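Report on one structure; see the data block that follows.
The values are calculated or read from the model by the stated rules, or taken from the named source; none is laboratory data. This is a predicted model, so every value here is computed, not measured. Methodologically, a virtual Cβ is constructed for each residue, glycine included, from the backbone with ideal geometry; neighbour enumeration extends over all protein chains shown. To get the accessible areas, we keep the full protein, side chains included, count just its heavy atoms, and leave off ligands, DNA and RNA. Shrake-Rupley method; radii C 1.70, N 1.55, O 1.52, S 1.80 Å.
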Amino acid sequence: RNLGENFVLVDNDGQEISEVSKAGAKHNVKLSSCFTDILVDGKLCDCDVVVDCKVGDPVPLQVKLTNWSKHSVGPFALTMTPYQDYQNGVHNYELQDAITFVGSNTFYIDCVKPTKDYVYFGALLFLYTGDFYLNIKFHEDNCSKELPLSWFCLPSVHIRAMESAAEAKL
């Protein structure tokens, strides 16, 4: 529904999901009972955002999960996997020589209480230039079974690692 400067997003049952400003101040869509916000280098990621970073500089990464249900959710795990998309249906996940996580790429979340949130803070370090994507998934704790995608609205995270200006001149 259009409310002048804002839009109200509704689900298939007509239930209000979220209100979003035309200016796009915040991309935050509620599916089921959880909101997920992903920030890379302080920039909120959505499907239209490409975050630029410099090779060799740690890039701050934040994933915030907010529980808006009346019940606690968890336990589950959050896993982040970087990949390159060759735009021909092939994804390269063998990037251990190109990207490293400062810390771990999997985090265990015991419980998120109603109206509370869990925030992961970490960093990525890109060792080579290129366009990279970050695949973020939630799993049941202690197993690889993925939770339903409809529980979370996870945007595609696109990061472009570039040479620093000093290195480009050499």
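Would you pick out the residues in the range 70-118 that are exposed (fewer than 14 other Cβ atoms within 10 Å of the Cβ), outside any strand (DSSP E or B) and of a type in the set (S, T, N, Q)?
SER72, GLN87, ASN88, GLN96, SER104, THR115
Cβ-Cβ under 9 Å, sequence separation 6+ or interchain: first residue in the range 111-130 and farther than 18 Å from SER72 by Cβ, partner of a type in the set (Ser, Thr, Tyr) and exposed (fewer than 14 other Cβ atoms within 10 Å of the Cβ). Which pairs?
Correct list of pairs: GLY122/SER104.
Return yes or no: is THR129 among the β-branched types (Val, Ile, Thr) and closer than 17 Å to ARG160 by Cβ? Spell out the reasoning first.
Details: among the β-branched types (Val, Ile, Thr): yes; closer than 17 Å to ARG160 by Cβ: yes.
Against the criterion (among the β-branched types (Val, Ile, Thr) and closer than 17 Å to ARG160 by Cβ), THR129 qualifies.
Quick check on LEU39: is it in a strand (DSSP E or B), closer than 30 Å to SER164 by Cβ and open to solvent by 10 Å² or more (accessible area, probe 1.4 Å)? Show your work before the answer.
Values: in a strand (DSSP E or B): yes; closer than 30 Å to SER164 by Cβ: yes; open to solvent by 10 Å² or more (accessible area, probe 1.4 Å): yes.
Yes: the conditions hold for LEU39.
Out of curiosity, is THR66 open to solvent by 40 Å² or more (accessible area, probe 1.4 Å), in a strand (DSSP E or B) and either at pLDDT below 70 or under 30 Å from THR100 (Cβ atoms) (or both)? Give the steps one after another, and end with the answer.
Values: open to solvent by 40 Å² or more (accessible area, probe 1.4 Å): no; in a strand (DSSP E or B): yes; either at pLDDT below 70 or under 30 Å from THR100 (Cβ atoms) (or both): yes.
Considered against the rule, which asks whether it is open to solvent by 40 Å² or more (accessible area, probe 1.4 Å), in a strand (DSSP E or B) and either at pLDDT below 70 or under 30 Å from THR100 (Cβ atoms) (or both), THR66 comes out as no.
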